[in-house]
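Scroll down for the structure; my scribbles are underneath it.
Every read-out reported here was derived from the displayed coordinates using simple, explicitly stated rules and does not represent laboratory data. Everything numeric here is computed off the predicted structure, so don't read it as measured data. Cβ atoms come from the backbone with ideal geometry, glycine included; neighbour counts cover every protein chain shown.
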Amino acid sequence: MKLIDGKAVSADVKASVAQENAKLREQGINVGLAVVIVGNNPASRVYVNNKKKACAEVGFESFEYALPEETTQEELITLVKKLNDDRSVNGILVQLPLPSHIDENAIINTIFPEKDVDAFHPENVGHIMIGDYAFLPCTPAGVMELIHSTGTDVCGKNCVVIGRSNIVGKPMAMLLLHEHGTVTITHSRTKNLADITSKADILVAAVGKAGFVTADMVKEGAVVIDVGMNRNAEGKLCGDVDFAACCEKASYITPVPGGVGPMTIAMLMKNTLTAAKLQNGIK
Ligand code: NAP
């Protein structure tokens, strides 16, 4: 088994973003990302801090808008519209989940598609579906980079995705399909899940349940990507995969932490750079 080092791969992505950003700066273009957080979700706070830190690493400006839990949907929409019109802001990221009184779709739909660096806007989702896109959703795009880093060719492989969320499972399946994988999407109503996953050459787990993927669900020699970010009984960060057991069977496997997580942030930086280039008419 070989460990897929998400920290190393993400460092390479960020280094190339930093290099391109330096060239933009020489042309007088300062790239800026607005990060909006509503409420006091501690996990969201950590993600936002990590995103700001990554901006500093690659040389982007970051503008944080930390709003109280009781912020109304109208107030948030007003802020997003202001950021849409702000030329110093190239990308807008509204950290999810939002408090339950705010309709997440209404907010996502307000972000200008060209500033939608999470690629959640329906227009960008449509572009991904037809394979003609500027932005890819950060987590699935990061997973593809990790798969590529192993030298695995997705073409013709049996790929199984566990989970069908709009932010991970569905776009993940689409990206594997674009690279000619034979893709199966599984979910909570799937029957005989282990029969399906144990035939996967590439298995991506995005379930949100600690230790969900056990060794009997993994094919000998499979590439196993663990998107899950969960807390175990001791409060320790862990993925969806029973790592200790599955690494005996996998050819390559991602750890948690240090796998998909850092890639998500690196791909966000890449999308923000792409947004700035597009907004400035640079290919
Ligand atoms: P989500 O919206 O809760 O989706 C979970 C998916 O898992 C659903 O499609 C659900 O099926 C499926 N599922 C639940 N129980 C199942 C079961 N017993 N068998 C098969 N499928 C089952 O979660 P998400 O937003 O996609 O996130 C998934 C995980 O990835 C979470 O741990 C999250 O924290 C993590 N995550 C990590 C990153 C990162 O950067 N590393 C980014 C995003 C998310 P149904 O649709 O039928 O309910």
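Worth pointing out:
- Amide H contacts of Ala200 (H built 1.01 Å from N, under 5 Å, at least 5 apart or other chain): Lys219
- Over the range 225-283, volume per residue of the alpha carbon convex hull, in Å³: 86 Å³
- Seen against the Cα atoms of the chain and their longest principal axis, helix 260-279 is set at about 40 degrees.
- With all projection directions averaged, the alpha carbon convex hull of the range 126-283 covers 9.7 nm².
- Residue-count net charge about Ser62 - beta-carbon cut-off 13 Å; Lys, Arg +1, Asp, Glu -1: 0
- Span from the the range 66-111 Cα centroid across to the the range 163-224 one, whole angstrom: 32 Å
- Shape summary of the range 95-211, radius of gyration then Dmax from alpha carbon positions: 15.1, 45 Å.
- Considering only Ser16, Ser100, Ser149, the Gaussian network model of the chain with Cα springs below 10 Å gives its largest mean-square fluctuation to Ser100.
- Computed over the range 40-100, the alpha-carbon pair-distance distribution with 10 angstrom bins reads 18, 51, 29, 2, each value a whole percent.
- With 20 Å as the limit, the listed pairs Lys51/Lys283; Lys157/Lys219; Lys7/Lys51 have Lys51/Lys283 beyond it between alpha carbons.
- With 10 Å bins from 0: P(r) over the chain, alpha-carbon pairs, percent: 7, 29, 34, 23, 7, 0
- Whole-Å semi-axes of the range 173-265's equivalent ellipsoid (Cα gyration tensor): 20, 15, 13
- Alpha-carbon radius of gyration plus Dmax, which is the widest Cα pair, for the range 1-148 in Å: 16.1, 51
- Between Thr152, Thr190, Thr214, the residue with the greatest mean-square fluctuation in the GNM of the chain (Cα pairs under 10 Å linked by springs) is Thr190.
- In this calculation the C-beta distance from Ser251 to Gln19 is compared with R0 = 22 Å, giving a FRET efficiency of 0.10.
- Pair Glu69, Ser149: separation of 7 Å Cα→Cβ label points (nm): 3.7 nm
- In terms of overall dimensions, the range 30-71 has a Cα radius of gyration and Dmax of 10.9, 33 angstrom.
- Label-point separation in nm, His180 to Ala233, each point 7 Å along Cα→Cβ: 4.8 nm
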